[in-house]
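Below: the structure, in structure tokens.
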């Protein structure tokens, strides 16, 4: 199984830190955020990584091409950020015709990525890892039902999508290239009973603002 790291976003909420540096290269615990994902995904046993880049993306390319992991990385360059689904659609030729993992580049977690190698997305669907709702997203995204099915009720208890999942290429069948959000495709999968997942109660942070970046950096410095 291959894995894709989403690293093309501009990081608007992280400004001014992202004016001159792409968000995946911002440092926490003494190293760039994206290095945690690259190292742990490859250690978990993934066959290779696809990383999409756009805003200041050549800085990411230059940094990782000089790293020990460069031979395992294939790049998907976007002239402008294409949003989550759009970026995946553009990268599909690099990911192959079997399910693949996707990890958001702007999170930090101790989720055991090797577990994804044991999961398979339903045909025309996906397997998502959900986490407890963070303070900045108290309403959550999906409800985890019996047998692992995911739903999206208008009210009631929901969990937050972690930005970690396994996707079937068929989920993106018929999608034209260009900007495209992911949620409409996930809602279509819910309607087909093809969206499943798990709840991960471990360490997970959405590193979306300078304040949350600083808090995570301080916490990692202690350990």
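The values are calculated or read from the model by the stated rules, or taken from the named source; none is laboratory data. Small disclaimer: the values here were computed from a predicted structure and weren't measured. Here the Cβ positions follow ideal geometry from the backbone for every residue, glycine too, while neighbour counts run over all protein chains shown.
Just give me the residues in the range 133-156 being assigned to a loop (DSSP other than H, G, I, E, B) and either touching a residue at least 60 places away in the same chain (Cβ under 8 Å) or loosely packed, with under 14 Cβ neighbours inside 10 Å (or both), in sequence order. Answer for the range 133-156, where residues must be assigned to a loop (DSSP other than H, G, I, E, B) and either touching a residue at least 60 places away in the same chain (Cβ under 8 Å) or loosely packed, with under 14 Cβ neighbours inside 10 Å (or both): 134, 135, 136, 137, 138, 139, 145, 153, 154, 155, 156.
Return the residue satisfying two criteria in turn: it lies in the range 189-205 and is assigned to a strand (DSSP E or B) and in contact with a helix residue (DSSP H, G or I) (Cβ under 7 Å, 6 or more places away or on another chain), and of such residues it is nearest to residue 23 (Cα to Cα). Steps first, answer last, please.
Step one: filter the range 189-205 for residues assigned to a strand (DSSP E or B), giving 195-199, 204-205.
Now narrow it down to the ones that are in contact with a helix residue (DSSP H, G or I) (Cβ under 7 Å, 6 or more places away or on another chain): 195-198, 205.
Working: 195: 29, 196: 29, 197: 27, 198: 27, 205: 14 Å.
Filtering the range 189-205 for residues that are assigned to a strand (DSSP E or B) and in contact with a helix residue (DSSP H, G or I) (Cβ under 7 Å, 6 or more places away or on another chain), the one nearest to residue 23 (Cα to Cα) comes out as 205.
Taking each residue of the range 159-178 that is on the phi > 0 side of the Ramachandran plot and looking for partners that are assigned to a helix (DSSP H, G or I) with beta-carbon atoms closer than 6 Å, six or more apart or interchain, yields 178/86.
The lone criterion from (1) touching a residue at least 40 places away in the same chain (Cβ under 8 Å); (2) under 14 Å from residue 143 (Cα atoms) left unmet by residue 203 is number (2). Every test in (1) in contact with a helix residue (DSSP H, G or I) (Cβ under 8 Å, 6 or more places away or on another chain); (2) within 21 Å of residue 9 (Cβ to Cβ) is passed by residue 169 save one, and that test is (2). Just a yes or no: is a residue in the range 124-132 assigned to a loop (DSSP other than H, G, I, E, B), over 30 Å from residue 22 (Cα atoms) and within 19 Å of the chain's Cα centre (by Cα)? Yes: the range 124-132 contains one or more residues that are assigned to a loop (DSSP other than H, G, I, E, B), over 30 Å from residue 22 (Cα atoms) and within 19 Å of the chain's Cα centre (by Cα). Please determine, by comparing only the residues of the range 101-113 that are in contact with a helix residue (DSSP H, G or I) (Cβ under 7 Å, 6 or more places away or on another chain) and assigned to a loop (DSSP other than H, G, I, E, B), which one is modelled with the highest pLDDT. Out of the qualifying residues, it is 105.
The test for being in contact with a strand residue (DSSP E or B) (Cβ under 6 Å, 6 or more places away or on another chain), within 22 Å of residue 198 (Cα to Cα), assigned to a helix (DSSP H, G or I) and in contact (Cβ under 8 Å) with a residue 40 or more places away in the chain holds for residue 116. Those strands (runs of 3 or more DSSP E) of the range 1-100 that lie entirely within it include none in which at least 1 residues are over 17 Å from the mean Cα position of the chain (by Cα) and buried (at least 17 other Cβ atoms within 10 Å of the Cβ). All of 182, 159 fail the test of being at pLDDT 95 or above, crowded, with 16+ Cβ neighbours inside 10 Å and within 20 Å of residue 87 (Cβ to Cβ), apart from 182.
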